[in-house]
Amino acid sequence: MKPLSPKPHLRPLTCGVLLLALAACSDSEQPSPESQGAANALDPSLEIPDPDDPVTNVEVVEERSEEVANRLLTFSDKLRRRDFTAAAEWLSESFHGHAFAPLEVAEERVDHLGLRHVRYDVETRTVTPGAGFLASLADAIGPWSAVESALWKVKGAEFQKGRRARWGKIKLYVHMTGISAEGDRTSLAGWGYARVEKESGAWMLTRFQLTSLDQSSRPGTVFTDVSAAAGVGHVGGRFGRGEGNDSYAWNGAASADVDGDGFWDVFLPSDGRNFLYMGRADGRFDEQARERGVLAPDAGTGAVFFDFDNDGDQDLAVGQIGWRAADGKLEGRTPLLYVNDGKGSFTENGAALGLSEPFVAYSLTVLDYDADGFLDLFLCSYGRIEAEHNNSWIQATNGSPNALLRNEDGKRFVDVAEQAGVRGTSWSYAAAAADIDRDGDVDLYVANDYGDNELFLGSPEGRFTEAAASLGVVDHGNGMGVAWGDLSNDGRVDLYVSNMSSTAGNRILGRLDADIGGETFKQLKKLAAGNSIFLANEKGGFEVLPSSAGGINASWAWSVALADFDLDGRLDAFCTNGFVTGDQPFDT
Amino acid sequence: MVASSAQKSQTEKFTAQEVGETDYLHHHRAQLFKDGFSFSGNERDKLWFNRGDGTFCDVSDLSGSDSPNDGRAVLATDFDDDGDVDLFVHELQRERHALYRNDLNQRYGGFLKLRLKATKSQWEAIGATVVVHTPAGPVAQVTSRGAGFSSCQAPELVFGLADAEDAKVEVHWPSGASETFGPLARGGRFLLEEASGEAQPIAGKPRRLPDPLPKGLRLGIGEKVPPFLAFDAGSEARRVDLAELSGGKPVYLNFWAKYCGPCVQELPYLEQLDEAGEVRVVAVCMDAPNDLELAAEVFRGRGADFPNYYLGAEASDTVQGVALQTIVDLERLPIPTTLVLDGEGKIVQIVRGPVEKALQKDGE
């Protein structure tokens, strides 16, 4: 395309942000010269004192914290939309805070893959009233053509006691990400304190103290979302609305070349229906669950492809949700076994193969535990949480029993969990198999919610011995996922365990420190600590990688995949994350 | 904490006595989600790169794979056989299926792709450990079917070789036997059969996963922009028919906002294009409706006089036209973006960033 007119002479840039600030400052509701004079009299550090008589009741503090957190999430939502006029409604008329810009750079360094990290010198911050504060935020994210996310999260809180003294000191984590028109990405992450006061029934920000601010950026992107273009961009009903998408923790996935055409295919079990995406030569996929016999029934949890009958093709096992009744009896749906006809079409034949008993199977793992040449299935059984709660938060024992389905010559599956020593009743989410001691029999790690994880060492007799404690991989916590892979380039297989942690949980635990001592508190603290990496040592055991090494800081983590995404000869880690994200900004 | 949130439920109230003590929390949680609340929501998927010094670099924010849609299972597989590992994520919220193409390609190293066939145990060699000797040291991976959380990876291992031209491979088979292969050449795809001692090359089928649809756009090249509903500077609903406005000329449909520096900067240039008369420029301001007056002031302040419309309510009883949301995703569209339409109103070009810059680039 040729220029349609001579290059016009542009006047010097008048920044929209500057105009916003000027316009906002002319607003009649902005602080009077007197109050701006008061700003000048403020301590420039804007240090917010702790309440001198703080509320100590944990429940009251958490209730108020959640009120403030939800207010700030709404504020965040306005920032994400760059609706600064609306965002101003969250600031008290007397608000003064540290501006996000301009700030001098304190440190700059280049990291892996050319990531550029900038640490700002917050000592160069300036104090400004509300309009200037919002203008500085607008300025900080001005170069972004799209704001990808904006979150102001309450990480801690103290509130002043007394009916009239409705104020609190909030520890805040500020996190915003954006994309330039050219597709380059930038993130801003900082910490600070806010003073909040209840004005006319709503929590308002009256002070904001910025204590750190970091920016990370990188030209281009690592991954590009091509879902829609590749024909897999399915978007279904809202979670929890009864629109065929009401499972909390299923949504498994499995990949194999089911029709032998040389392209990977993808099976997704789900609530309501299943999906089978067949890979094509042009890089796209065709959804053919119905045509290939795996569309129904519903309530699929996890799935695995494996050749159960050793005929050379990939058969498919699918877990379906089941539960344990009050009398302990297993009820609900049975696992399914779809037999491949060699061309990628399937016939379900589970009942004839002995899969007639229901299981609470959330994930499936394939292994030949007895080395008989036929692949067996380990089923991780959770609990039916809708009907029966876990009987402990730190060592629950009332989950449904795990199952080990022995494959008898490709003709029948029989549950041998009891005999094999793996019939635990923890709330098991996930397992991964590997021969970690290279002794010729397969070992199995099981990640359990609400308690300790287990490492079962295999034996030639097909009986497992639990050895998590002796090998140093108990990982007390809310286990969600597990993967084996060498993260330290010593040729030994290390262990990555994903765990659940939550902002609210850490907030509450932060307050319990004084009330609970010793081992119990340590255990509770571990519950909220996040993922774990265990490095195999030369003695056959494992050592936990210190959290300062990074690589573990997720939140409500689920699956993990270890792969060398940049092909530099070192395994990296990807982890899915988050429980439920609703349409509204409110969170718990 | 669940209960306190549920007490804010907008659609249903209930007590422990009504639903029973056991179901109280779950009933509340279900109601919470029905009302659109989150519970540990907006927690984005994470990606850490191994620095090789015992530490990991968190690149989640900059990865392009940091979805907030509550990912569950993940497949890390080279779906397009181009040598690097892509991602397929099964997400909870709205049952989304997300395929992420790895765009690092081989910038940081070459690859070696391996499949196993056991002969002294079940042929799929599940549980085998494969060690590849790379310049970064030996790296071990395990053949697995069912790990992570509910995730069954494809039966192929992808190893990065950094700048090595080839690599030696050790396999520790489920039978207990160990065997070495190679060195195997960089960029190769091989089948390793137990006790054969020979790596058999596999013909590759590399193909590129397709390019994404333009971010934030719901129409692509060749599609016609229908008359849409927008608002004028007086907040009056208008039916914007670009064919009518252009009189058969090409149209530059520009999306801008007052908070966007590059957008504001190019307004005089767009005015000049419009005045030159060869094309018609029509703008849509993406500022929040609350900011309409401020945005109009900025628009006028930059000397722009071409038609400019604003966001507002999505429906109008009196004005016909599709909602802007059917043309663009208002929350995802990077700005400035300009759709270049031909005389018939079809999209012929999508300009990301300032128009002038794109015109200069095209002219070079």
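The values are calculated or read from the model by the stated rules, or taken from the named source; none is laboratory data. Everything quoted here is computed from the prediction, not taken from an experiment. FYI the Cβ positions are ideal-geometry reconstructions off the backbone, even for glycines, and counts take in every protein chain you see.
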Notebook entry, point to check: If B:TYR108 satisfies every condition in (1) surrounded by fewer than 24 Cβ atoms within 10 Å (Cβ to Cβ); (2) under 30 Å from A:PHE579 (Cα atoms) but one, which is the exception?
Noted result: (2)
Check: Taking the condition more than 10 Å from every other protein chain (Cβ to nearest Cβ) and outside any loop (DSSP other than H, G, I, E, B), does B:GLY182 pass?
Finding: yes
Notebook entry, point to check: Inside the stretch A:339-357, can you point out the residues that are more than 22 Å from A:VAL266 (Cβ to Cβ), touching a residue at least 12 places away in the same chain (Cβ under 8 Å) and aliphatic (A, V, I, L, M)?
Noted result: A:ALA351, A:LEU353, A:LEU355
Check: In the stretch A:555-583, what residues are in contact with a helix residue (DSSP H, G or I) (Cβ under 9 Å, 6 or more places away or on another chain) and either more than 7 Å from chain B (Cβ to nearest Cβ) or in a loop (DSSP other than H, G, I, E, B) (or both)?
Finding: A:SER555, A:ASP566, A:ASP568, A:GLY578, A:THR581, A:GLY582
Margin query: On the basis of being over 30 Å from A:VAL55 (Cα atoms), free of Cβ contacts under 8 Å to residues at least 12 places away in the same chain, of a type outside the set (Phe, Trp, Tyr) and out of contact with any Lys or Arg (no Cβ under 6 Å at 6 or more places or on another chain), does A:ARG164 make the cut?
Written below: no
Margin query: So, in the stretch B:278-304, how many residues would count as being facing chain A (nearest Cβ under 9 Å), farther than 21 Å from A:ARG82 by Cα and of a type in the set (Gly, Ala, Ser)?
Written below: 1
Checklist line | All positions within the stretch B:145-196 that are among the acidic types (Asp, Glu) and in contact with a Lys or Arg (Cβ under 8 Å, 6 or more places away or on another chain) | finding: B:GLU156, B:GLU165, B:ASP166, B:GLU193, B:GLU194
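Considering only the stretch A:84-163, give the strands (runs of 3 or more DSSP E) lying wholly within it that have at least 2 residues that are closer than 30 Å to B:MET286 by Cβ and in contact with a helix residue (DSSP H, G or I) (Cβ under 8 Å, 6 or more places away or on another chain). Full working, then the answer.
On the way: elements: A:91-98, A:104-110, A:116-121, A:127-129, A:146-159.
Once the strands (runs of 3 or more DSSP E) in the stretch A:84-163 are filtered for at least 2 residues that are closer than 30 Å to B:MET286 by Cβ and in contact with a helix residue (DSSP H, G or I) (Cβ under 8 Å, 6 or more places away or on another chain), what remains is A:91-98, A:127-129, A:146-159.
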Next item on the list: Determine if the stretch B:93-109 includes at least one residue that is part of a strand (DSSP E or B) and under 30 Å from A:ASN310 (Cβ atoms).
Entry: no
Checklist line | A:GLU47 touching a residue at least 24 places away in the same chain (Cβ under 8 Å), surrounded by fewer than 21 Cβ atoms within 10 Å (Cβ to Cβ), under 23 Å from the mean Cα position of the chain (by Cα) and over 30 Å from B:TRP256 (Cα atoms) | finding: no
Item checked: Matching residues, the stretch B:97-137, being without any contact (Cβ under 8 Å) to a residue 60 or more places away in the chain, touching a strand residue (DSSP E or B) at 6+ places or on another chain (Cβ under 8 Å) and over 15 Å from A:LEU571 (Cβ atoms) -> B:HIS97, B:ALA98, B:TYR100, B:ASP103, B:TRP123, B:GLU124, B:ILE126, B:GLY127, B:ALA128
Margin query: Given the condition in contact with a Cys (Cβ under 8 Å, 6 or more places away or on another chain) and either outside any loop (DSSP other than H, G, I, E, B) or more than 8 Å from chain B (Cβ to nearest Cβ) (or both), answer yes or no: does some residue in the stretch A:215-232 qualify?
Written below: no
Margin query: For the condition at pLDDT 95 or above and within 11 Å of chain B (Cβ to nearest Cβ), what is the one hit in A:ARG492, A:ARG507, A:ARG438?
Written below: A:ARG492
Item checked: Per-region count, the stretch B:25-69, residues at the interface with chain A (Cβ under 7 Å from one of its Cβ atoms) and at pLDDT 90 or above -> 20
Next item on the list: Taking B:GLY345 as the residue in question, decide whether it is modelled with pLDDT under 85, among the small types (Gly, Ala, Ser) and more than 22 Å from the chain's Cα centre (by Cα).
Entry: no
